[in-house]
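For reference, the structure discussed in these notes is given below.
The values are calculated or read from the model by the stated rules, or taken from the named source; none is laboratory data. Computed from a prediction, not measured in an experiment: that's the story for all the values here. Reconstructed Cβ throughout: ideal geometry from the backbone, glycine too, with neighbour counts over all protein chains shown.
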């Protein structure tokens, strides 16, 4: 029997690593432990690192992503400026936790890591380097958050081990044009065809989708059938089907429950899975499935299936978070297709816009949350395998320098963007197309997207840190049908399309930064895991059910067996604790 | 050459009793060196790692290692057997493993016999080559093919709806009763050709005189298959069956992991997936529990093999030891 048992393989791995505890492989091909100084100067007289002085480092991000090619042009430029060339690797089909577990078990850690929801595990195993001493050395890093915000990153031992890099506006000036969160999305051609109606409820939304499919049936090629709606249920991303009841009731994305603030002094945690709204939402889904509006394979599709389905432009509507699908569609939607006689999907109006639906018309919604969300549960970290942590932190600081930041997100001046007489950066149509091209992304663009970065206005006071937030670029970058749609609704940004309530965030928000790190050590954690499994199995089943009422009741019974009350009690305790901390710091409410 | 002849010859030698003397050692030293390499391989890669089993009796933490972790006795095993999910994955693994074993053995034998009956050499070679090629595909590719074929717009549903057997596409991969058959069928498709090779080899070594005399006695084609071919390869069948019984709990990992989804998770998860979930998944990282599950798997496999072997001994069939 050649097949060795899984556990034996694992045991052997452990035995070997225990015997050879001194091995320290981390893929950094350097023998020198300290950073070399820049040794030459470029044409402008700036110090640059020579090829020999550049160190290679590795970073793993527990997220799906695409590796860039070696010799990437901007990567090389950044390496010359910072002395570090960072090789980024991503998840390849597995879940974040599994990948992090496998990395820990193998003992081969990268120099930098974003562990996603495996971050705490890395910390528990003493595999991360504390940021504290380096924060004072590198003002660029320190500047990312206020002292109070940094405190939220502190682990139980009082130290900071990672920093979230997203959603952070420089000097707090909000220039956001996008909506990175969740929404019911709809293709602009559907809205256009219906004369840009007001859409406030699920019923109106599905009526629009169904009517459009009824009218056109297929894509312009006359063969590919249109699909009104799909829902992703692969792995933890089944939230696309699972959590809309929370938003439909007008609550923000606390992720694991609703926090009712009818009495602001005493917030109450409410389970959104069992509300009347939840039942109404799933009943609607069930009816639409019976009508054939949902993709019949939605419950068995993998994330890759989902993206490739969306890339064809045939799906009119979906509920998801922007970052989870939109970036993958930019390339395919900007391509000239033979099936469209050389036309493009974005020109056809396949771009998605978000809608702020609620269960009844006229309610306030909070699909979009204004202001920066602080997610302290994960972020970029330096591992103990990194031979020179100081250099790693220096690199993280260097990539926040304005010139490097511009290289990462704007590109090379003259090649990827031009500077107008007014000092504003802009791109030509050709440059914009190139930035959507997958080959160009691999060979030219290097954004180090999981390293520290800024949103908002850059240090010159004029240009946006990111092109997508530069007002002129944002509008120029919109395909015509999308621009028309914005115009028709009088929306300046994606967030305007949703029309969320502009309110201050509560101190416990977002609560998912707590639930993401629940482990099996507590009753609430066990309940949380069981609830996830029951929902994962039952929710698609309910949508596809021929007998909604009885299946809904069976689901509720199975759900109740998981003891959700244990989980809710712990969630309530966390809300109270966070509120208390905020009050101690002077929060009034 | 069939396995039966080698093993019977070996038996004869040991019963003759070759004495282990210096002279004998000198005569056979090359053979002994070659054999020793395999023994070392087995010890290093199959026996030394068993030391890691100690983790199953500890509350192993990566931070403290084998030597610093606390011993907890049988706590991990207690947790396993009180976890309803573990009992569920045992059922899934055992049922899928047993189904795969039974069906793959039967189809491989049948396929080998049928292939043997083809008189056209070119045709025979062609069929054999094509049939074992899927063995070299990775499970990822095979699963891609399966999920495309079984999707609502896949060829199976197209045919079923076209011929009016179904009025709307059936979601095969979302159906619990369909999951095990899909797993078994996929295994058969991928491995039948490969598994048949060894039976074909056994059939080739059957003495042609047996067939001749059967013909003279008036046996037809099917009678020759039944009375000559099958009994002649019986020892091979028994040995392979015994060896594969130990693999019943290795019902698979990739196939179930890739084809599984929320709807069918209660029938799709195997012990290996459970171990992955508990031991490797960053949120739990409980190597101890994973090791305990592994030990359980080994113990059951051992019982199955020994039991199968004893049964074979009783019925007077060929056996492993």
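Checking the condition assigned to a loop (DSSP other than H, G, I, E, B) and either surrounded by 18 or more Cβ atoms within 10 Å (Cβ to Cβ) or within 11 Å of chain B (Cβ to nearest Cβ) (or both), which residue from A:134, A:145 passes?
A:145
Just need a number here: residues in region A:241-250 that are under 15 Å from residue A:367 (Cβ atoms) and either within 12 Å of chain B (Cβ to nearest Cβ) or surrounded by fewer than 20 Cβ atoms within 10 Å (Cβ to Cβ) (or both).
Residues meeting the conditions: 1.
Find the residue count for region A:102-117, including only residues that are modelled with pLDDT of 85 or more and under 21 Å from the mean Cα position of the chain (by Cα).
5
Does residue A:209 satisfy being crowded, with 19+ Cβ neighbours inside 10 Å, in contact with a helix residue (DSSP H, G or I) (Cβ under 8 Å, 6 or more places away or on another chain), within 14 Å of another protein chain (Cβ to nearest Cβ) and in contact (Cβ under 8 Å) with a residue 40 or more places away in the chain?
Taking the combined requirement at face value, the residue does not satisfy it.
Picking from B:93, B:64, which residue would you name as being within 14 Å of chain A (Cβ to nearest Cβ), free of Cβ contacts under 8 Å to residues at least 60 places away in the same chain and surrounded by 13 or more Cβ atoms within 10 Å (Cβ to Cβ)? Working first, answer last.
On the way: B:93 fails: free of Cβ contacts under 8 Å to residues at least 60 places away in the same chain.
On inspection, the qualifying residue turns out to be B:64.
Among the residues of region B:229-271 satisfying the criterion of being without any contact (Cβ under 8 Å) to a residue 24 or more places away in the chain and within 18 Å of the chain's Cα centre (by Cα), which is farthest from the other protein chains (Cβ to nearest Cβ)?
Looking at residues that are without any contact (Cβ under 8 Å) to a residue 24 or more places away in the chain and within 18 Å of the chain's Cα centre (by Cα), I get B:257.
For region A:483-496, which residues satisfy the criterion of being within 20 Å of residue A:373 (Cα to Cα) and assigned to a helix (DSSP H, G or I)?
Within region A:483-496, A:494, A:495, A:496 qualify.
Just to be sure, is residue A:382 surrounded by fewer than 22 Cβ atoms within 10 Å (Cβ to Cβ) and either in contact (Cβ under 8 Å) with a residue 60 or more places away in the chain or in the same structural domain as residue A:445 (by TED's automatic domain parsing) (or both)?
Criteria not met by residue A:382.
Taking region B:159-177, which residues are within 13 Å of chain A (Cβ to nearest Cβ) and exposed (fewer than 13 other Cβ atoms within 10 Å of the Cβ)?
B:167, B:168 - these are the residues of region B:159-177 that are within 13 Å of chain A (Cβ to nearest Cβ) and exposed (fewer than 13 other Cβ atoms within 10 Å of the Cβ).
Give the residues of region A:512-567 that are under 23 Å from residue A:230 (Cβ atoms) and either in contact with a strand residue (DSSP E or B) (Cβ under 8 Å, 6 or more places away or on another chain) or facing chain B (nearest Cβ under 9 Å) (or both), sorted by residue number.
Listed by number, the residues that qualify are A:533, A:535, A:536, A:537, A:538, A:539, A:540, A:541, A:543, A:544.
Take residue A:287 and tell me if it is in contact with a strand residue (DSSP E or B) (Cβ under 7 Å, 6 or more places away or on another chain), surrounded by fewer than 19 Cβ atoms within 10 Å (Cβ to Cβ) and either away from chain B (no Cβ under 14 Å) or in contact (Cβ under 8 Å) with a residue 24 or more places away in the chain (or both).
Spelling it out, it is not the case that residue A:287 is in contact with a strand residue (DSSP E or B) (Cβ under 7 Å, 6 or more places away or on another chain), surrounded by fewer than 19 Cβ atoms within 10 Å (Cβ to Cβ) and either away from chain B (no Cβ under 14 Å) or in contact (Cβ under 8 Å) with a residue 24 or more places away in the chain (or both).
Answer yes if at least one residue in region B:213-235 is within 29 Å of residue B:93 (Cα to Cα) and either touching a helix residue (DSSP H, G or I) at 6+ places or on another chain (Cβ under 8 Å) or not in a helix (DSSP H, G or I) (or both), and no otherwise.
Here is the first cut: in region B:213-235, the ones within 29 Å of residue B:93 (Cα to Cα) are B:234-235.
Among the residues that remain, those that are also either touching a helix residue (DSSP H, G or I) at 6+ places or on another chain (Cβ under 8 Å) or not in a helix (DSSP H, G or I) (or both) are: B:235.
Among the residues of region B:213-235, at least one is within 29 Å of residue B:93 (Cα to Cα) and either touching a helix residue (DSSP H, G or I) at 6+ places or on another chain (Cβ under 8 Å) or not in a helix (DSSP H, G or I) (or both), which makes the answer yes.
Please pick out the residue among B:218, B:164 that is on the phi > 0 side of the Ramachandran plot and modelled with pLDDT under 90.
When all the criteria are applied, what remains is B:164.
With respect to the numbered conditions (1) closer than 18 Å to residue A:514 by Cα; (2) assigned to a loop (DSSP other than H, G, I, E, B); (3) touching a strand residue (DSSP E or B) at 6+ places or on another chain (Cβ under 7 Å), which one is the sole condition not fulfilled by residue A:158?
Unmet for residue A:158, out of (1) closer than 18 Å to residue A:514 by Cα; (2) assigned to a loop (DSSP other than H, G, I, E, B); (3) touching a strand residue (DSSP E or B) at 6+ places or on another chain (Cβ under 7 Å): (3).
Yes/no per residue for (1) assigned to a helix (DSSP H, G or I); (2) within 25 Å of residue B:273 (Cβ to Cβ):
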{"site": "A:77", "(1), (2)": "yes, no"}
{"site": "A:86", "(1), (2)": "no, no"}
{"site": "A:89", "(1), (2)": "no, yes"}
{"site": "A:99", "(1), (2)": "yes, yes"}
{"site": "A:105", "(1), (2)": "yes, yes"}
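Taking region B:289-300 on its own, how many of its residues are surrounded by fewer than 24 Cβ atoms within 10 Å (Cβ to Cβ) and either assigned to a loop (DSSP other than H, G, I, E, B) or more than 8 Å from chain A (Cβ to nearest Cβ) (or both)?
Looking only at that region, the number is 3.
Given (1) modelled with pLDDT under 95; (2) assigned by TED's automatic domain parsing to the domain that holds residue A:277, where does residue A:177 come up short, assuming only one miss?
Among (1) modelled with pLDDT under 95; (2) assigned by TED's automatic domain parsing to the domain that holds residue A:277, residue A:177 violates only (2).
Just to be sure before I move on: is residue A:322 within 14 Å of chain B (Cβ to nearest Cβ), surrounded by fewer than 19 Cβ atoms within 10 Å (Cβ to Cβ) and touching a strand residue (DSSP E or B) at 6+ places or on another chain (Cβ under 8 Å) in the structure I sent?
Numbers: within 14 Å of chain B (Cβ to nearest Cβ): no; surrounded by fewer than 19 Cβ atoms within 10 Å (Cβ to Cβ): yes; touching a strand residue (DSSP E or B) at 6+ places or on another chain (Cβ under 8 Å): yes.
When the stated conditions are applied, residue A:322 does not pass them.
Just checking, how many residues over region A:107-125 are in contact with a helix residue (DSSP H, G or I) (Cβ under 9 Å, 6 or more places away or on another chain) and either within 11 Å of another protein chain (Cβ to nearest Cβ) or in a strand (DSSP E or B) (or both)?
11
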